[in-house]
Amino acid sequence: MTSPQDWTVANQQYLAATLMVLKAALVERVQTIDAALDLEGLTYLSLATAEQQLQAAEAALPAPAALQRLCALCQLTSFERDTLLLCVGMELDATFAPLFAAMQGDPQRHYPTFGLALGNLAEPNWAALSPSGPLRFWQLLEVGPGRALTLSPLRVDERVLNFLTGIHHLDAQLFGLVKPLTASATAWETLVLSHQALAEQLAQTWTHAKQVSGTIPVLQLSEGDEGDRRTIAQAAAAQLGLNTHVMAAASLPTSPTDLNALARRWRREAIFSQSALLLEWDMGIVGDAAIATSLAQFLEDLDSPVILSTADRQHVPKQSLVSFDVAYPTSQEQQQLWQSILGDDANALNGEVPQLVSQFNLNRTLIHSAHHSALANNRPKRRGAQ
């Protein structure tokens, strides 16, 4: 097995080698067009040498590089990939800026543009500039102000740049809206058997739907305890090798444009972080009708794993939800929870655990709380305490 650090080093070496090939190809093209162009001060390899280094870097990868994954997931053409790499090179290699300036004949235009890409990269395609093309649809690039689209500066999105270098973090534009939950692998261990079975059912529903139709439905978890619903959702995601992020439905914007932008941002983040989204809808608060409207459009714009958590089953317009109810642990499971939490103290209760279970219908969280409260009440008071 390889360590994450092994992959990170190999991934960065592969990215650097890919940039060297791109730079060598650009220099070769420029010199073919204008042999007198001043490239003094630029450090670059011959194209043949750069390609050899890239082959060696690719052979050393213990798993696909982030660039390879991104190209496959976003279905980038070779021209779109190289346009993106122009922007990555601008950020990671200082020698790209003077090369861009030399190619564009202006020391002030030391940045990549669509015009530069169309005129100098292999297999140019005007469709790559379209808002519906992957570069702009997935917001891989930011287009700066300029006199024309082809002359405007291009910049790689920060989240994309860090993903390509192997640095993982939540998209800054999702801060305050989405929160990553703790490692999903630990969620399974905290579930009682009946909840484990439910988590497996959720995961199997997604897997079966993907195999049959190629799409996955929105799942709804309702009833029971909110904490149990969250843990079951995490465990279901973990069954499919996914992390879990949580968002409050009440925090969704109301503008259709903002909702679409947020949906696209999350879809990209779901790919980068390999995550499912848990949407928690706290019913009975002011603005439920507006939340339902926003939720319907948001879900319509998503095609990544989503679980809706609600106290009661809800109908969402234009959405076909696959719903599951979360029951409290069975009596036997509650007895086992009490005994595991009490430990040796359970023997001192003289068989009162079944009586506790018969009188109080509790889940793991509530049993823990009751236990802590009992311990606190039975602590001897300090002398002088009132």
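Against the numbered list (1) within 28 Å of residue 273 (Cβ to Cβ); (2) open to solvent by 60 Å² or more (accessible area, probe 1.4 Å), residue 147 comes up short only at (1). Would you pick out the residues in region 151-192 that are without any contact (Cβ under 8 Å) to a residue 24 or more places away in the chain, within 30 Å of residue 13 (Cβ to Cβ) and of a type outside the set (A, V, I, L, M, F, W, C)? Answer for region 151-192, where residues must be without any contact (Cβ under 8 Å) to a residue 24 or more places away in the chain, within 30 Å of residue 13 (Cβ to Cβ) and of a type outside the set (A, V, I, L, M, F, W, C): 157, 158, 162, 169. Flag: residue 130 does not match the condition of being among the hydroxyl-bearing types (Ser, Thr, Tyr), modelled with pLDDT of 90 or more, under 32 Å from the mean Cα position of the chain (by Cα) and farther than 18 Å from residue 148 by Cα.
When you check residue 212 against the structure, is it more than 22 Å from the chain's Cα centre (by Cα) and open to solvent by 40 Å² or more (accessible area, probe 1.4 Å), yes or no? So residue 212 passes the test.
Annotation note: of 211, 201, the sole residue that is in a helix (DSSP H, G or I), of a type outside the set (Phe, Trp, Tyr) and out of contact with any strand residue (DSSP E or B) (no Cβ under 8 Å at 6 or more places or on another chain) is 211.
This table checks each residue for (1) open to solvent by 40 Å² or more (accessible area, probe 1.4 Å); (2) outside any helix (DSSP H, G or I); (3) farther than 22 Å from residue 302 by Cα; (4) touching a residue at least 12 places away in the same chain (Cβ under 8 Å).
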site	(1), (2), (3), (4)
194	yes, no, yes, yes
259	no, no, no, yes
264	yes, no, no, yes
277	no, yes, no, yes
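Evaluated against (1) among the hydrophobic types (A, V, I, L, M, F, W, C); (2) open to solvent by 70 Å² or more (accessible area, probe 1.4 Å); (3) outside any loop (DSSP other than H, G, I, E, B), residue 135 falls short on exactly one condition, (2).
Within region 56-115, the set of residues being under 22 Å from residue 129 (Cα atoms), aliphatic (A, V, I, L, M) and assigned to a loop (DSSP other than H, G, I, E, B) comprises 76 only. For residue 140, the requirement of being open to solvent by 10 Å² or more (accessible area, probe 1.4 Å), under 30 Å from residue 6 (Cβ atoms) and modelled with pLDDT of 95 or more is not met.
The values are calculated or read from the model by the stated rules, or taken from the named source; none is laboratory data. Not measured: the values here are computed from a predicted model. Here Cβ is always computed from backbone atoms with ideal geometry, including for glycine, and neighbour counts include all displayed protein chains. Remember, those area values only see protein heavy atoms, side chains included, never the ligands or the DNA or RNA. Shrake-Rupley method; radii C 1.70, N 1.55, O 1.52, S 1.80 Å.
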